[in-house]
Amino acid sequence: MKIRKAVFPVAGLGTRFFPATKIVAKEMLPVVDKPIIQYATEEAVNAGITELIFVISRTKTSIQEHYTKATELEKELESRNKHDLLNTITNILPAGISCAYVEQHKALGLGHAVLCARPLVGDEPFAVILPDDMIDDDASGCLQQMVQVYEQNQSSIIAIEEVNRSETDKYGIVSTSPIANGLHRINAIVEKPKPDVAPSNLAVVGRYILSGAIFDFLENLGKGAGGEIQLTDGIAMLLKKEPVLAYEFSGTRYDCGSKIGYLKATINYAMKHPELKHEFAAFLREHMQARQF
Ligand code: G1P
């Protein structure tokens with residue numbers, strides 16, 4: 001089956017970026033000149049997704065507004081012959097791509113957020129993208145890599161990467177049996193284990209392709225790690241019924257849920273930006289020398 005739908009859980013409070021995120025959703029913070037969420041939706045569209053499903057909170061409407069046609073702004077740019085800018089605005093949501101929104105009334109956890117999308121997803125396999133995890137692969141994106149693996153295997157797939165053992169309690173951690181280069185079968189998955197009990201140092205990264213069967217498991221889950229309904233626990237149930245694969249993607253992940261990750265992402269994309277890269281690189285060099293880093 002083709003993967004047509006992607007779910008973006010974006011209802012978090014974004015407290016780590018307060019006060020910047022008091023009003024504006026964390027996913028609307030810009031990395032150079034595009035909000036974080038747009039990098040995620042572009043990655044989805046590149047992977048062949050045609051339906052974008054946002055799980056939102058009631059108070060932060062900026063994401064919906066970003067994906068809504070701005071008729072007046074478009075007319076204004078047209079009348080001023082600003083065609084490049086007009087393209088930039090109209091390409092936020094390319095032709096043929098639809099958006100849907102569902103509200104998560106309470107922040108009960110990632111598993112609960114994904115469950116909120118059930119009426120819009122139905123029974124079909126679907127993708128989940130956590131926009132905080134920005135992945136730059138210098139090509140068509142991590143999700144496209146995963147869709148290719150899905151097309152060959154027709155099983156749920158989770159992106160993973162090795163992390164420092166000291167950091168296992170920040171991630172879902174998998175134990176696996178290798179199948180091929182970079183591809184594993186998951187034997188067990190556990191949310192945020194302490195380093196001494198973690199089954200490995202292979203961490204779940206925010207890209208998933210999941211079978212529709214996950215929803216029944218999520219529906220019946222109790223609270224897990226951190227008192228939240230965890231997607232990881234739903235996947236642990238799913239893998240008793242169906243194979244679930246783990247895929248070591250190519251590319252670099254930036255954890256934009258943290259300030260340092262956000263800054264690293266900003267520097268990465270600024271250094272690649274055609275208008276900025278030379279001047280920005282020169283500035284960084286001078287700055288480092290002047291500060292004697
Ligand atoms: C979530 C998932 C976790 C995963 C992580 C990737 O955690 O629950 O399994 O490893 O995303 O970023 P969060 O970062 O929301 O605490």
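Some notes on this structure:
- Fraction in percent of alpha-carbon pairs per bin - 5 Å, region 14-156: 2, 8, 16, 20, 21, 15, 11, 5, 2, 1, 0
- Pairs of Cα atoms farther than 22 Å apart, region 182-286, %: 50
- Calculated FRET efficiency for the pair D169/A107, C-beta based, R₀ 22 Å, to 0.05: 0.65
- When Rg and the Kirkwood radius Rh are both evaluated on Cα atoms of the chain, their ratio Rg/Rh stands at 0.98.
- In range of the label at E51: residues from region 122-166 whose backbone nitrogen is under 12 Å from the point 7 Å along Cα→Cβ: 122-127
- Trypsin sites (Lys or Arg not before Pro) lying in DSSP loop within region 1-92, provided at most 16 other Cβ fall within 10 Å: K2, R4, K22, R58, K69, R80, K82
- All Cα pairs of region 163-206, percent lying beyond 15 Å: 36
- Reach of K60 by Cα under 21 Å, taken over lysines that are not fewer than 8 positions away in the same chain: K22, K26, K34, K69, K106, K259
- Helix-only mean residue ellipticity at 222 nm for the chain, each DSSP H run of n ≥ 4 adding -39500 (n - 2.57), per residue, nearest 500: -10000 deg cm²/dmol
- Taking every alpha-carbon pair under 8 Å whose residues sit at least 6 apart, region 46-114 reaches a relative contact order of 56 percent.
- The trypsin sites (Lys or Arg not before Pro) of region 214-293 meeting both criteria, a DSSP state outside H, G, I, E and B (loop) and at most 14 other C-beta atoms within 10 angstrom of the site's C-beta, are K223.
- Contour excess over end-to-end distance, with Cα ends at E42 and F18 and 0.36 nm allotted per residue: 6.0 nm
- Taking the Kirkwood radius as Rh and the Cα radius of gyration as Rg, region 1-82 has a ratio of Rg/Rh equal to 1.03.
- Relative contact order of the chain: 21 percent, from C-alpha pairs under 8 Å at least 6 residues apart in sequence.
- The distance linking region 9-38 with region 72-148 is 14 Å (Cα centroid to Cα centroid, whole angstrom).
- With respect to the chain, whose longest principal axis is taken over its alpha-carbon atoms, helix 259-272 is tilted by about 60°.
- Gain on full stretching of the segment that runs from N153 to I267 - 0.36 nm per residue minus C-alpha separation: 37.4 nm
- Sequence-distant residues sharing a close amide H with T176 (under 5 Å, placed H): N187
- Scalar couplings 3J(HN,Hα) for region 181-198, obtained by applying the Karplus form with A = 6.51, B = -1.76, C = 1.60 to θ = phi - 60°, are 4, x, 10, 10, 9, 7, 9, 8, 9, 9, 8, 6, x, 5, x, 6, 10, 5 Hz; x denotes Gly and Pro.
Just so you know, all these numbers are worked out from the coordinates, no wet-lab data involved. Please read all numbers here as calculations on a predicted model, not as lab measurements. All Cβ positions, glycine included, derive from the backbone under ideal geometry; neighbour counts span all protein chains shown.
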